[in-house]
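Chemist: I am attaching a structure below and will ask some questions about it afterwards.
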Amino acid sequence: MIIRRLNPKDAKLYRAIRLEALQTAPEAFGSSYEEEKQYPLELYERRFQEEYSATFGAFLEEQLCGVVTLVREQRNKLKHRANIYGVYVSPQTRGRGIAKKLLLEAIRKAEDMGGVEQIHLSVVTSNEAAGKLYRSLGFETYGVQKKALKINDSYYDEELMCYPIHGDGSIGQ
């Protein structure tokens, strides 16, 4: 398996796995398949060139099977924070530690950005496996947003989590 930062040439592969994610686990993302299927490929190409953002992909036999995006806040009062979005691993490749490796790469990138002191993410409370993974890496819950997402007539709560950057290169607690 290879974990690497995605670049504009990967936009088509990324778009395919992103749309798969939105169809497979709609409750796990703030965006919807219906919205993102209309996004032009150039949108992803531009995102992969931004300085304050990095999307990492996991490749098995040259197939993109997992992704994670790290975005550093840009406003002066928030630059000490980064956010993790869009964590997804294709169902057929789960159980191999891919999500953990992707998250560790995102954490390392946040540490390398300089000045990032904490990483935030949210996870739907019904996704127990993801919550367990995040806690095992040192993310701590600081709240729950009730009815954070609404899909049709169903509501989903999100657990809000934060990871403190230690500054000494250590990962987790």
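The values are calculated or read from the model by the stated rules, or taken from the named source; none is laboratory data. Predicted model, so just to flag it, every value in this text is computed and none were measured. So basically every Cβ, Gly included, is an ideal-geometry build from the backbone, and we count neighbours across all protein chains shown.
Chemist: Going through region 21-47 one residue at a time, which ones are in a loop (DSSP other than H, G, I, E, B), of a type outside the set (Gly, Ala, Ser) and under 14 Å from the mean Cα position of the chain (by Cα)?
Modeler: PHE29
Chemist: Here's another thing I want to ask about it. Out of all the residues in region 122-130, is one or more at pLDDT 95 or above, closer than 15 Å to THR55 by Cα, out of contact with any helix residue (DSSP H, G or I) (no Cβ under 7 Å at 6 or more places or on another chain) and surrounded by 19 or more Cβ atoms within 10 Å (Cβ to Cβ)?
Modeler: There is no residue in region 122-130 that is at pLDDT 95 or above, closer than 15 Å to THR55 by Cα, out of contact with any helix residue (DSSP H, G or I) (no Cβ under 7 Å at 6 or more places or on another chain) and surrounded by 19 or more Cβ atoms within 10 Å (Cβ to Cβ).
Chemist: Quick check on my filter: what residues within region 88-109 are out of contact with any Gly (no Cβ under 7 Å at 6 or more places or on another chain) and surrounded by 22 or more Cβ atoms within 10 Å (Cβ to Cβ)?
Modeler: LEU103, ALA106, ILE107
Chemist: To continue, here is another question. So which residues in region 131-153 are touching a residue at least 60 places away in the same chain (Cβ under 8 Å) and more than 29 Å from LYS77 (Cβ to Cβ)?
Modeler: ILE151
Chemist: Can you tell me which residues in region 74-95 are farther than 23 Å from GLU50 by Cα and touching an Asp or Glu at 6+ places or on another chain (Cβ under 8 Å)?
Modeler: Correct list: SER90 only.
Chemist: Quick one: would you say ALA16 is surrounded by 16 or more Cβ atoms within 10 Å (Cβ to Cβ), modelled with pLDDT of 95 or more and either not in a loop (DSSP other than H, G, I, E, B) or not hydroxyl-bearing (Ser, Thr, Tyr) (or both)?
Modeler: The answer is no for ALA16.
Chemist: Among all residue pairs at least 6 apart or on different chains, which show Cβ distances below 7 Å where the first residue, located in region 15-41, is within 19 Å of LYS150 (Cα to Cα) and the second is of a type in the set (Lys, Arg) and at pLDDT 95 or above?
Modeler: LEU19/LYS37; GLU36/ARG18
Chemist: Please find, within region 122-133, the residue that is farthest from ALA148 (Cα to Cα) out of those that are out of contact with any Leu (no Cβ under 8 Å at 6 or more places or on another chain) and among the aliphatic types (A, V, I, L, M).
Modeler: Among those residues, the one meeting the criterion is ALA129.
Chemist: For residues in region 44-71 being under 18 Å from ILE2 (Cβ atoms) and free of Cβ contacts under 8 Å to residues at least 12 places away in the same chain, which is surrounded by the most Cβ atoms within 10 Å (Cβ to Cβ)?
Modeler: Going through the qualifying residues, I end up with GLN63.
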